[in-house]
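Visitor: If you scroll down you'll find the structure; I have some questions about it.
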Amino acid sequence: MKIIIIANRLPVKIERDDDEGFSITRSEGGLATGLGSLETDSEIYWVGWPGIHTEDEEEKKEITKRLHELNFHPVFLSDEHIENYYEGYSNSTIWPLCHYFFSFIEYRAEYWSTYQEVNNLFAREALPFIDKEDVVWVQDYQLMLLPKLIRDQQPNANIGYFHHIPFPSYELFRVLPEREEVLEGLLGADLIGFHTHDYMRHFISAIYRVLDLNCTLDEINLDNRIVHVDAFPMGINYDQYRLAPKQPEVIKTAKKLKRKL
């Protein structure tokens, strides 16, 4: 069994170096740090945007080859994808909607069409190596259509989705023109997680009022399966921070500060 984590970004930074090659370093992002503490004996694969833009096919091949050695599978995005899918629908429509900043919501038709297109790109990259017993773990609001896209091609897949930001009350969520498509996309998952019970309750309310589906406490009843919804507050990599004061470079810096102060 493999665990396949699918997120907007891979947990690495890729930069061009002075020798016209590429340097790859681990990312310090919150998602990468949080999931870095995942303890499992299963192989972990990541699918995501590598964070670098290139139209050169040879560069893409080189980046892909090096990332595959780390079990990372890149999804290359164009400038238009980044503008309309990431800066557009994800961060100018969904993000302010979920954070109750109604007056900051921007809506354009091309945002939504590109969001659909990029979610399909992620599905096409991930589907070839998803086997029946694998666990697929989709991360966050940039990929809310992805659980259903995977479910449609792999009906027996084990799919989880975690929403890393608030989920708004129905009174606000209903202003989203694509509310039905977004909810149906999420219901491709077997388990949907939120940070708090309030966000979970808002989501279940939206499911009932938009899709008219029966919900029993934390279960959503579909025709052929049950989707579980729950709250899973995400913490930090505890050992990484607990052990930090024992690292030689930290001890050296601490002594230096003590002398100065």
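The values are calculated or read from the model by the stated rules, or taken from the named source; none is laboratory data. Because the structure is predicted, anything quoted here is derived from the model rather than measured. Methodologically, a virtual Cβ is constructed for each residue, glycine included, from the backbone with ideal geometry; neighbour enumeration extends over all protein chains shown.
Visitor: With respect to residue 204, determine if the residue is of a type in the set (Val, Ile, Thr) and under 21 Å from the mean Cα position of the chain (by Cα).
Guide: Against the criterion (of a type in the set (Val, Ile, Thr) and under 21 Å from the mean Cα position of the chain (by Cα)), residue 204 qualifies.
Visitor: Right, something else. Restricting the search to segment 129-163, which residues are surrounded by fewer than 17 Cβ atoms within 10 Å (Cβ to Cβ) and farther than 17 Å from residue 2 by Cβ? Break it down into steps so the answer makes sense when it comes.
Guide: Going residue by residue through segment 129-163, those that are surrounded by fewer than 17 Cβ atoms within 10 Å (Cβ to Cβ) are 129, 131-133, 152-153, 155-156.
Across segment 129-163, the qualifying residues are 152, 155.
Residue by residue, here is whether (1) in contact with a Pro (Cβ under 9 Å, 6 or more places away or on another chain); (2) within 22 Å of residue 97 (Cβ to Cβ) holds:
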{"site": "189", "(1), (2)": "yes, yes"}
{"site": "200", "(1), (2)": "no, yes"}
{"site": "207", "(1), (2)": "no, yes"}
{"site": "218", "(1), (2)": "no, no"}
{"site": "222", "(1), (2)": "no, no"}
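Visitor: Being of a type in the set (Asp, Glu) and within 18 Å of residue 135 (Cα to Cα) is the filter; apply it to segment 1-46 and report the residue that is modelled with the lowest pLDDT.
Guide: Here is the first cut: in segment 1-46, the residues of a type in the set (Asp, Glu) are 15, 17-20, 28, 39, 41, 43.
Checking the rest, the ones that are also within 18 Å of residue 135 (Cα to Cα) come to 39, 41, 43.
Values: 39: 70, 41: 76, 43: 88.
Step by step, filter segment 1-46, then rank; the result is 39.
Visitor: Let me ask something else. Can you pull out every residue in segment 176-220 that is modelled with pLDDT of 95 or more, among the β-branched types (Val, Ile, Thr) and surrounded by fewer than 17 Cβ atoms within 10 Å (Cβ to Cβ)?
Guide: Once the filter is applied, which keeps residues that are modelled with pLDDT of 95 or more, among the β-branched types (Val, Ile, Thr) and surrounded by fewer than 17 Cβ atoms within 10 Å (Cβ to Cβ), segment 176-220 yields only 196.
Visitor: Continuing with this model, one more query. Restricting attention to segment 229-261, report how many residues are among the basic types (Lys, Arg) and within 30 Å of residue 193 (Cα to Cα).
Guide: Looking only at segment 229-261, we keep the residues that are among the basic types (Lys, Arg), and these are 242, 246, 252, 255-256, 258-260.
If we keep only those that are within 30 Å of residue 193 (Cα to Cα) as well, we get 242.
The total comes to 1.
Visitor: Let me spell it out: the conditions are (1) surrounded by 22 or more Cβ atoms within 10 Å (Cβ to Cβ); (2) touching an Asp or Glu at 6+ places or on another chain (Cβ under 9 Å); (3) in contact (Cβ under 8 Å) with a residue 60 or more places away in the chain, and residue 114 meets all of them except one. Which number is the exception?
Guide: All conditions are met except number (3).
Visitor: Go through segment 105-144 and report how many residues are more than 21 Å from residue 44 (Cβ to Cβ), of a type outside the set (Asp, Glu) and touching a helix residue (DSSP H, G or I) at 6+ places or on another chain (Cβ under 7 Å).
Guide: The total comes to 12.
Visitor: If you don't mind, there's one more thing I want to ask. Tell me, which helices (runs of 4 or more DSSP H) wholly within segment 47-143 include 1 or more residues that are in contact with a Leu (Cβ under 9 Å, 6 or more places away or on another chain), modelled with pLDDT of 95 or more and under 24 Å from residue 14 (Cβ atoms)?
Guide: Numbers: elements: 57-68, 95-98, 109-126.
Counting at least 1 such residues, we get 109-126.
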